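The values are calculated or read from the model by the stated rules, or taken from the named source; none is laboratory data. Values in this document were obtained by computation on a predicted structure and should not be read as measured data. Cβ sites come from the backbone with ideal geometry, for glycine too, and all protein chains shown count toward neighbours.
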Amino acid sequence: MSASDSPGSAEVRRPYRLSAQTLTHADGCPRRLWLRQHVREEASAPSEHDLVLREVGQAHEKSVASRFAEIEGPVWQYGHSHTAAAERTAELLRTTRKAIYQPALLSADGLRSGVPDFLYWEGDGLVVLEAKLAHRPESRPDFALQLAHYGAILRESLGIEPIRYEIVDGNSRTVVMQPASEETYQRILHLASSTLEKLEEPDVLLGHSKCSTCSYYSHCWERAVAQRRIEIIPEVQARHVPELHAMGVRDVTQLAAVPLSRLKAILSGATAHRAKLAAQAWRDGAAAWIEPARLPAPPIVWFDLEGDSRGLHAEVPIYLWGIALEDGVNAPHVESLFASFEPGGDREAWERFVGRASEILNAHPNARWMHWDTYEVLWIDRYHARYGSPDGFVARMKAVLFDLKRVLDRCVRLPLRSYSVKHVAPWMGFEWRNPEAGSEWSVAQYHHARRSADSAERDRLLAAVAEYNADDLWAMRAIWKWLREHEPERTPGAL
């Protein structure tokens, strides 16, 4: 903690030092910035997936460093004096034309700091270079803000105006970047400073999809659920909150009581109806139905993929194709089609999937392939573009794919903060065998398996991933059964 005391102390506090990361947090979520500074212990530990991405990021940095014939650093090192590292950086900039890895920057007043990945000279001009895993850095305003921060400190403390700002992205592509404007930079500097000086925690709650990856997710969202705030309803977005608060609507019970005609003035008609039903579901602790689900009976193929979070930029984007045929006669069993670690394993897994899927399509042409959301549809298209497939295969698959989440969204509202399968299935009574497992966990296990030289350890890790994927299939099956059993009207011909 940079301040000399805790919030609320009568002692005089020193101003907080503002880093590039500080500004990014202030612009993204002031509450997260405040929590990082004042109650850091409330943060969850980095996940295995976080550690994998950190490892990949460090390897990317080292790859970029290898581009320079002469390089000094890393100058800044965690746990060491930033002031001393900044003095060393200034000396290197005066006395050498070598590239500098992890240079430390410090404003003249000591209140702003920065650690860009690299500084290097091009003739007499200095270039600021960052290594990022992102694949479209030019679309990231947080990157532009960080670069503006480094440029401002270089100008003000060392009298150096960078000639260019660059990012080497996750494809090893060098992108010339435009830093954020001075107006934007100063505005966010002020926001960061004022946020850190607050004595009370900011009352900000962003959308669930944004918050779910934050290390303070439990801190903020468990409290929000306990308070039954309107923000826990997926249909209520941040832009709606001020108007609803102005109406005196702050919790789900109040939202459920708002006349639909008044709610439509803030939310669109269909969204307003769904939000009101969702509020009623929270109020009553029960499903609020919109219409019957009308789900298909067997034959059904349960279908779920495990994929790398880096998507197309990963060596193996989809490392497990999971399917289970329920023909209405035999008990379904899971088929886990893994990509091997051998060269060509990615293509071979796709071809095995295409072959097995074609067999099922031929044997059960009326079977619906039930999946959750759009992920599976997206990757069938992408793998067809990547490696090809027999004529008509993609069209046949698209004709039978069935998005179970889309049906759930259309037919019922539940007292849930998210409609991901990981929230819906447990509410309906399903439990994963490994409660720690999840999509990011799966990526980490596959990454560890690829790196392991121990065949028994590889087998253990892959078996754990296969078990998790199987439970994803059974979670969808549990949701399908619950919807069919509880819908207000039974579908003709239902089991």
(request) Go through (1) free of Cβ contacts under 8 Å to residues at least 24 places away in the same chain; (2) within 28 Å of R228 (Cα to Cα) and name the single condition A456 misses. (result) (2)
(message) Restricting to region 23-47, give me the number of residues that are part of a helix (DSSP H, G or I) and either assigned by TED's automatic domain parsing to the domain that holds A238 or among the aliphatic types (A, V, I, L, M) (or both).
(response) 4
(message) For region 360-382, give me each residue that is without any contact (Cβ under 8 Å) to a residue 12 or more places away in the chain and either farther than 24 Å from H333 by Cβ or of a type in the set (D, E, K, R) (or both).
(response) L378
(request) Tell me which of these L51 doesn't satisfy, since it passes every other one: (1) within 16 Å of the chain's Cα centre (by Cα); (2) assigned to a helix (DSSP H, G or I); (3) under 23 Å from L196 (Cβ atoms). (result) (3)
(request) Would you mind telling me which numbered condition in (1) of a type in the set (K, R); (2) touching a residue at least 24 places away in the same chain (Cβ under 8 Å); (3) farther than 24 Å from S218 by Cβ R262 fails? (result) (2)
(request) Look at region 106-164 and say how many of its residues are crowded, with 20+ Cβ neighbours inside 10 Å and among the β-branched types (V, I, T). (result) 3
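If the requirement is being under 20 Å from G307 (Cα atoms) and out of contact with any helix residue (DSSP H, G or I) (no Cβ under 6 Å at 6 or more places or on another chain), which of these qualifies: G429, G392, G438?
Every option except G438 fails the conditions.
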(request) State all residues of region 258-273 that are hydroxyl-bearing (S, T, Y) and over 15 Å from E243 (Cα atoms); if no residue qualifies, say none. (result) T271
(request) Determine whether E348 is of a type in the set (D, E), surrounded by fewer than 21 Cβ atoms within 10 Å (Cβ to Cβ), modelled with pLDDT of 95 or more and in contact with a strand residue (DSSP E or B) (Cβ under 7 Å, 6 or more places away or on another chain). (result) no
(message) Return the pair list, or none, for Cβ contacts closer than 7 Å from residues in region 383-412 that are among the small types (G, A, S) to residues that are assigned to a helix (DSSP H, G or I) and buried (at least 17 other Cβ atoms within 10 Å of the Cβ), at least 6 apart or on different chains.
(response) S389/V354
(message) Against the definition (buried (at least 17 other Cβ atoms within 10 Å of the Cβ) and either outside the structural domain of T89 (by TED's automatic domain parsing) or out of contact with any Pro (no Cβ under 7 Å at 6 or more places or on another chain) (or both)), how does E200 come out, yes or no?
(response) no
(request) Name the single residue, out of those in region 167-177 being surrounded by fewer than 19 Cβ atoms within 10 Å (Cβ to Cβ) and at pLDDT 95 or above, that is nearest to E61 (Cα to Cα). (result) T174
(message) Suppose we keep only residues that are of a type in the set (A, V, I, L, M) and out of contact with any helix residue (DSSP H, G or I) (no Cβ under 8 Å at 6 or more places or on another chain) within region 145-171. Which one would you say is nearest to A20 (Cα to Cα)?
(response) L147
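Conditions (1) of a type in the set (S, T, Y); (2) over 28 Å from T271 (Cα atoms); (3) touching an Asp or Glu at 6+ places or on another chain (Cβ under 8 Å); (4) at pLDDT 95 or above, marked per residue:
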{"position": "G355", "(1), (2), (3), (4)": "no, yes, no, yes"}
{"position": "A363", "(1), (2), (3), (4)": "no, yes, no, yes"}
{"position": "D373", "(1), (2), (3), (4)": "no, no, yes, yes"}
{"position": "I380", "(1), (2), (3), (4)": "no, yes, no, yes"}
{"position": "Y387", "(1), (2), (3), (4)": "yes, yes, yes, yes"}
{"position": "F402", "(1), (2), (3), (4)": "no, no, no, yes"}
{"position": "K405", "(1), (2), (3), (4)": "no, no, yes, yes"}
{"position": "H423", "(1), (2), (3), (4)": "no, no, no, yes"}
{"position": "P426", "(1), (2), (3), (4)": "no, no, no, yes"}
(request) Residues that are in contact with a strand residue (DSSP E or B) (Cβ under 8 Å, 6 or more places away or on another chain) and surrounded by 15 or more Cβ atoms within 10 Å (Cβ to Cβ): find the helices (runs of 4 or more DSSP H) completely inside region 369-459 holding 3 or more of those. (result) 375-387, 439-451
(request) Under 7 Å between Cβ atoms, at least 6 apart or on separate chains: pull out the pairs that start in region 286-313 with a residue that is closer than 27 Å to R386 by Cβ and end on any residue that is in a strand (DSSP E or B) and acidic (D, E). (result) W302/E326
(message) Which count do you get for residues in region 201-231 that are over 15 Å from V241 (Cβ atoms), out of contact with any His (no Cβ under 8 Å at 6 or more places or on another chain) and assigned to a loop (DSSP other than H, G, I, E, B)?
(response) 5
(message) Return the residues of region 403-446 that are under 23 Å from V301 (Cα atoms) and of a type in the set (D, E, K, R); say none if nothing qualifies.
(response) D403, K405, R406, D409, R410, K422, E431, R433
(request) Can you run down the residue pairs with Cβ atoms below 6 Å, 6 or more apart or on separate chains, where the first is in region 232-243 and not assigned by TED's automatic domain parsing to the domain that holds R413 and the partner is among the β-branched types (V, I, T)? (result) I232/V225; E235/T271; V236/I230; H240/I266; E243/I266
(message) For region 243-280, give me each residue that is part of a loop (DSSP other than H, G, I, E, B) and out of contact with any His (no Cβ under 7 Å at 6 or more places or on another chain).
(response) M247, G248, V249, R250, V258, P259, K264, A265, S268
